Amino acid sequence: MSVLIKPIISEKRTAEAEKFNRYGFIVERSATKTQIKHDVEAIYGVKVVRVNTMVQRGKDASRYTKAGMIEGQKPTLKKATVFLAKDDKIDFYSNI
C-alpha cells in the first residue's frame, strides 16, 4: 500500500518544480522519509535525493449559516517535499 495520498499541485509548487526540481505530496501521518522515498521512486521512476516532511496542524474553522454558526476543525495533514536528481522530472498531467 502506498503512503502517498496525492500530489500538491499549486502555483507555488509548480514554480518550485520548474526552478528547483522539488515536488510536494500529501502523505499518511505515519509515513517515514524512507517510505516516502521508496514510493516516489517506485511510482514515478525517478531518483530521489532528499525528502523533507512537515505536519500541518488542523485549524479551527467556523462559518455563519441560516441555521446559526457552525464550528469545526480542518484535518491535520502531513506534507512531504521531495528533491529529485537534476535530470529527473515528474509529469502529473501525462495521464489526463
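Say whether the condition of being surrounded by 16 or more Cβ atoms within 10 Å (Cβ to Cβ) and in contact with a helix residue (DSSP H, G or I) (Cβ under 9 Å, 6 or more places away or on another chain) is met by at least one residue in segment 59-81. Yes, segment 59-81 has at least one match.
Here is the figure for segment 43-75: residues that are within 30 Å of D88 (Cα to Cα) and of a type outside the set (S, T, N, Q) total 11. Residues that are of a type outside the set (S, T, N, Q) and under 15 Å from the mean Cα position of the chain (by Cα): which strands (runs of 3 or more DSSP E) entirely in segment 1-90 hold 2 or more of them? Result: 4-7, 22-27, 48-56, 77-84.
Bear in mind that the values in this text are calculations on the coordinates, not laboratory data. Here the structure is a predicted model, which means the values were calculated and not measured. Glycine also receives a Cβ, built like all others from the backbone with ideal geometry; neighbour counts cover every protein chain displayed.
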